[in-house]
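Take a look at the structure below.
The values are calculated or read from the model by the stated rules, or taken from the named source; none is laboratory data. Note that the structure is predicted; figures quoted are calculated from it, not measured. Here the Cβ is made from the backbone with ideal geometry for all residues, glycine too, and neighbour counts use every protein chain on show.
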Amino acid sequence: MGNGDHGGQAAAMAQIERNLEKIRRGAVNRRPATVPLDLKLYCINLARSPARRAYMAQQADRLGLRLTFVDAIDGRRLDLAATAEYRSAERCARFGWDLEPTEVAAGLSHRKALLAIRAAGHKRAVVLEDDVTLLPDFAAAVSALHRRHDPDFDIIRLFGARNRAGRLVTLLNRDHAIERPYGR
């Protein structure tokens, strides 16, 4: 979502509120956690979005999971010119356009989460954004990934869409697979 996508933000927040209401009503079944205790879950959350933090906490609780929240970098308050980690001229020369402050803030927030993981000494962890819906099989999928000691991957990006245009790398179980995106 860009800075001007207020309709998209409103629609996303409305969906979060509907999902929260389902959780409050108990319309979503609680399943026991199967995530290994040594696999830590981090969630990036903006301080100005307490509803999203509550949504994630309730989902995690429903699944018996523990989240560590990472305070996100706020793109509305980010001065790109004063951000040493972002080089606008290099970005424009390489890709032909500049990023929005919110996009840079998202990247910096993920970097902050990765630094927290490294500082805590975790070899593996999951980083979530605060607008995801954790399905009942989330713990099973993450556990299947965790059991693989595959040196070919430093980062695995999880998607919720089925039938993506990717190349199958390996099956994790009957419901989950690792794919290389976009046929690479």
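Data overview
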item: Filter result (more than 22 Å from R77 (Cβ to Cβ) and among the aliphatic types (A, V, I, L, M)) within region 96-122; result: I117, A119, A120
item: Given (1) of a type in the set (F, W, Y); (2) buried (at least 19 other Cβ atoms within 10 Å of the Cβ); (3) not in a strand (DSSP E or B), index of the condition Y42 fails; result: (3)
item: Cβ pairs under 7 Å, 6+ apart, first in region 57-86 and of a type outside the set (G, A, S), second loosely packed, with under 13 Cβ neighbours inside 10 Å; result: R62/R30; D71/A47; D74/R48
item: Qualifying residue in region 100-109 (condition: out of contact with any Ser or Thr (no Cβ under 6 Å at 6 or more places or on another chain), of a type in the set (D, E, K, R), more than 21 Å from K40 (Cβ to Cβ) and outside the structural domain of K40 (by TED's automatic domain parsing)); result: no
item: Leading residue by the ranking (farthest from S88 (Cα to Cα)) among those in region 98-149 that are of a type in the set (K, R) and not in a helix (DSSP H, G or I); result: R148
item: Criterion: at pLDDT 90 or above, surrounded by fewer than 12 Cβ atoms within 10 Å (Cβ to Cβ) and more than 30 Å from R148 (Cα to Cα) - qualifying residue of A82, A10, A47; result: A47
